[in-house]
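The values are calculated or read from the model by the stated rules, or taken from the named source; none is laboratory data. From a predicted model like this one, the values you see are computed outputs, not experimental measurements. Quick reminder, even Gly has a Cβ in these numbers, built from the backbone with ideal geometry, and neighbours come from all protein chains shown. In case anyone asks, the SASA skips ligands and DNA or RNA and just uses the protein heavy atoms, side chains included. Shrake-Rupley method; radii C 1.70, N 1.55, O 1.52, S 1.80 Å.
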Amino acid sequence: MKFGLMVSEGPYTHQASDTAFKFAAAALEKGHQIDRIFFYHDGVNNATRLTEPPQDDRHIVNRWSALAEQHGIDLVVCVAAALRRGIKDEILPKGFRISGLGQLVETGIQSDRLVVFGD
């Protein structure tokens, strides 16, 4: 099955980001396909190199980058939501890119299921 994901909550403030990551990893492990993950609303906070969690905590941003690199997943950050939160291309980690809502619509059309994490 081909999944598209949308994450609309930030890391460390809501379980949605962790749950989305674990879902994606499990789906890929089972042989499913994920071409794109769209970060929307506060979910865009998953896409900043400025995140520095304590050494004994998980680094959610790095997890997303590694997953995308390993499986060729397109990590798209909503431009309007990103700019409202001060996130620009210069601070995006490896694997993330900024684009518009058209990418979310395209993901919904091209996927068998669009799974939403967060409000």
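A few remarks follow.
- Excluding same-chain neighbours fewer than eight residues apart, the lysines reachable from K22 by a Cα-Cα span under 19 Å are K2, K30.
- Inter-label distance, nm, simple model (7 Å from Cα along the C-beta direction), L50/L83: 1.7
- P(r) tail fraction, region 1-53 - alpha-carbon pairs more than 12 Å apart, %: 63
- Global size of region 34-119: 12.7, 40 Å for Rg and Dmax (C-alpha atoms, Rg to one decimal, Dmax whole).
- Protein-only accessible surface at a 1.4 angstrom probe places the residues L101, L5 in the order L101, L5, largest first.
- The calculated FRET efficiency for D112 paired with D18, based on their beta-carbon distance and R0 = 30 Å, is about 0.80.
- Close amide H contacts of V77 (hydrogens built in the peptide plane, cut-off under 5 Å, sequence separation of 5 or more or a different chain): F39, R97, I98, S99.
- Calculated P(r) of region 37-86 - Cα pairs past 12 Å, %: 64
- Summary of the geometry: region 69-104 and region 1-64, compared by the centres of their Cα atoms, lie 12 Å apart.
- Ranked by the mean number of other Cβ atoms within 10 Å of their residues, highest first, the peptides 92-98, 103-109, 73-79 come out as 73-79, 92-98, 103-109.
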